[in-house]
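Worksheet: the structure to be examined is printed underneath.
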Amino acid sequence: MPLASSHDGMQDRTIVRAWLLYSIHKKTLSECAALLWPETKYASEVSCRQAIYRQFRHLDLPLRPSHPRPRKST
């Protein structure tokens, strides 16, 4: 049984590996995409990161808040 009804072409094992990297190893979505992109059909790391994000949201997995960029001191 697939993890999600819509995979965007991403295999279940890739989604699981992304979640393990993200949740246990505390990698960012960009780091996950950089590591997993070569085994996917996506044309770029950015597309892979977006697909991972969509799958996490589709599966209702808890996402860490993104950290705001530090302000430049004036």
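Things to note:
- Residue match in segment 4-14 (condition: open to solvent by less than 70 Å² (accessible area, probe 1.4 Å), at pLDDT 90 or above and not in a helix (DSSP H, G or I)): no
- When segment 30-49 is filtered for residues that are closer than 18 Å to Val16 by Cβ and in a helix (DSSP H, G or I), the ones remaining, listed by number, are Glu31, Cys32, Ala33, Ala34, Leu35, Leu36, Trp37, Pro38, Glu39, Cys48, Arg49.
The values are calculated or read from the model by the stated rules, or taken from the named source; none is laboratory data. Being a predicted model, the structure only gives us computed values, none of them experimental. Note: ideal-geometry Cβ built from the backbone for every residue, glycine included; neighbour counts use all protein chains shown. In case anyone asks, the SASA skips ligands and DNA or RNA and just uses the protein heavy atoms, side chains included. Shrake-Rupley method; radii C 1.70, N 1.55, O 1.52, S 1.80 Å.
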